[in-house]
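Okay, so here's the structure we're looking at.
The values are calculated or read from the model by the stated rules, or taken from the named source; none is laboratory data. Here the structure is a predicted model, which means the values were calculated and not measured. Positions of Cβ are backbone-derived with ideal geometry, glycine not excepted, and every protein chain shown enters the neighbour counts. The area values use the complete protein model at the heavy-atom level, side chains included, leaving out ligands, DNA and RNA. Shrake-Rupley method; radii C 1.70, N 1.55, O 1.52, S 1.80 Å.
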Amino acid sequence: MSAISNTALPPSQVVERNLAEFTDKHVLVAGAIEDTYCQQLAQHTASLQIFTTDYPSFQALQKLELKVQFEHQYNATSSDKVDAILLYLPKAKAEIAYLLANIMPHLKADGHLYIVGENRGGIKSVDKLLAGYGGKTVKIDSARRCSLLVQQLTQPVPEFTLENWLSEYDINIKGCALTVVSLPGVFSANELDVGTQLLLENIAPLKGNALDVGCGAGVIASFLLRQNDNLTLTLADVSALALESSRRTLAKNQLSADVIASDVFSNVTGRFNTIVSNPPFHAGLNTHYGAPETLIKQAREHLKIRGRLIIVANKFLRYEGLFEQAFSHCECLMETNKFKLISNYPD
Ligand SMILES: C[S@@+](CC[C@H](N)C(=O)[O-])C[C@H]1O[C@@H](n2cnc3c(N)ncnc32)[C@H](O)[C@@H]1O
C-alpha cells in the first residue's frame, strides 16, 4: 500500500451507508485501510482504535490524532474488549487469517465482526476463514463493487500466539546457507523469489554500509551480511509483518543490523555505499510505480560518493529511464528472460 486517500474510497462508502452498525459502539478497525474515513467514523463511535501493519497508513492516521497502532501484532491498550471489529480486507489471503487470529480475541462474546472489501479482492471467499469463529456470515450490503459482511462471535477465541504463524525455509546461494523466517503475507514467505535469487547470485562483494529498501523477510540483507565481512546493513520496509520477519531472520542466522520502518527513504538517515532493492511494484489491487520511482529518483541523496543503487526487476518494468534521469546513465549488470539487474556506474 502507499499514500492513503483523503476521500472515502468504495469500501468506506459502503461502511458509511451502514453507519448505524457502529454508532455508539467500541470499535477496532484493522486491515487494508486505504483512506482517512476512520476520522469520520470516530465521530460516531463510543471509541475507535486502529491497528495497521502498513507504515504510510499509520503515519497518515496518526496525523489525524486517531488512536492508531503500527505493529506486527495487536496489543490492546485496555483489557476491555470491543463491541465491533471492522476489517478492511487485505489483499493477501494468508494475511487475512493472520489478522483475524490477532484481533478476534479482542472482540466481546456476542460482538460483531464486519468485513468490507472489493468483490474482485476475494471477499466472496472469506467465509472459510471465518469458520473458526462460529456464527453465520451474512452479507448486509453490496454497493460500489464492494460487499460488507457481518458475523456474530458465538464461540470462545484462543489467545493469539505469534509462534504459530511463523514459517521457515532454508536457502543456499553460492554456498551461503541461511534460514528465512517469515510471517504470513510477507513477500517470499515460503520460497526465495527468482528475482531476489538473481540479485544474490550476481552481486559483487560490498564494503562499508548498505541499505536494503523493501527488505521483506530480510533475505537480501542476511545474505550480504554473511558474505561480506564488516559490512553494516540497514533494512527498511513499510510492512510491520516484513520488519518482524526480518528481525527474526537476522536473529535466526546470528546476524545483526538496523531494521527500520520507512516509506522508501522517509525515515532513512545518512548515506550508504550501496543501496540494494527488489522493489515493490504492486500496491493494493492496482499496479503502482510510486515506491520504485521514489527509490531511483532520490537514491543519489542517500548514496556516498561512488555509491551504487542496485535493483532487480521484472524485465517488463521500465526503470532504465528513471535511472537515466537520476544518474544520466543505466547499466544492466545481468539479465535473464524474466529479470534484470540494473545499476548506476559508480561516479
Ligand atoms: C518485492 S518485495 C522484496 C522483498 C525482499 N527484499 C526480497 O527480495 O525477498 C518488496 C518489499 O517492499 C516493501 N514495500 C512496499 N512499499 C514500500 C515502500 N513504499 N517503502 C519501503 N518498502 C516498501 C514490501 O512490503 C515488500 O516487503
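Structure summary
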| quantity | calculated |
| --- | --- |
| Any hit, region 183-204, residues being part of a strand (DSSP E or B) and more than 12 Å from the ligand (Cβ to nearest atom) | no |
| Residue match in region 177-184 (condition: β-branched (V, I, T) and under 20 Å from the mean Cα position of the chain (by Cα)) | yes |
| Candidate set: region 152-164, residues that are at pLDDT 95 or above and open to solvent by less than 50 Å² (accessible area, probe 1.4 Å); chosen: the one nearest to the ligand (Cβ to nearest atom) | L162 |
| Conditions (1) without any contact (Cβ under 8 Å) to a residue 60 or more places away in the chain; (2) within 17 Å of A3 (Cβ to Cβ); number of the one not met by A32 | (1) |
| Any hit, region 118-129, residues being open to solvent by less than 30 Å² (accessible area, probe 1.4 Å), more than 19 Å from the chain's Cα centre (by Cα), under 15 Å from I96 (Cα atoms) and outside the structural domain of S222 (by TED's automatic domain parsing) | yes |
| Among the residues listed as L233, L211, L243, the single one being within 15 Å of the ligand (Cβ to nearest atom), part of a helix (DSSP H, G or I) and modelled with pLDDT of 95 or more | L243 |
| Leading residue by the ranking (modelled with the highest pLDDT) among those in region 1-24 that are within 16 Å of the ligand (Cβ to nearest atom) and not hydroxyl-bearing (S, T, Y) | I4 |
| Tally, over region 165-200, of residues that are open to solvent by 60 Å² or more (accessible area, probe 1.4 Å), under 14 Å from I220 (Cβ atoms) and among the charged types (D, E, K, R) | 1 |
| Filtered residue count, region 324-340, keeping only those that are more than 23 Å from the chain's Cα centre (by Cα) and within 16 Å of F281 (Cα to Cα) | 2 |
| Yes/no for V264 being farther than 14 Å from D54 by Cβ, touching a residue at least 40 places away in the same chain (Cβ under 8 Å), within 12 Å of the ligand (Cβ to nearest atom) and in contact with a helix residue (DSSP H, G or I) (Cβ under 9 Å, 6 or more places away or on another chain) | no |
| Selection status of L224, within 12 Å of the ligand (Cβ to nearest atom), in the same structural domain as N314 (by TED's automatic domain parsing) and part of a helix (DSSP H, G or I) | yes |
| Output for region 110-141, where each listed residue is touching a Lys or Arg at 6+ places or on another chain (Cβ under 8 Å) and under 20 Å from S47 (Cβ atoms) | G111 |
| Residues located in region 304-347, provided they are in contact with a Pro (Cβ under 9 Å, 6 or more places away or on another chain) and more than 20 Å from L198 (Cα to Cα) | I305, R306, G307, L322 |
| Members of region 68-79 found to be surrounded by 15 or more Cβ atoms within 10 Å (Cβ to Cβ) and farther than 15 Å from L241 by Cβ, listed by number | V68, A76 |
| Residue among N286, N337, N253, N273 that alone is away from the ligand (no atom under 12 Å from the Cβ), modelled with pLDDT of 95 or more and either open to solvent by 70 Å² or more (accessible area, probe 1.4 Å) or farther than 20 Å from T234 by Cα (or both) | N337 |
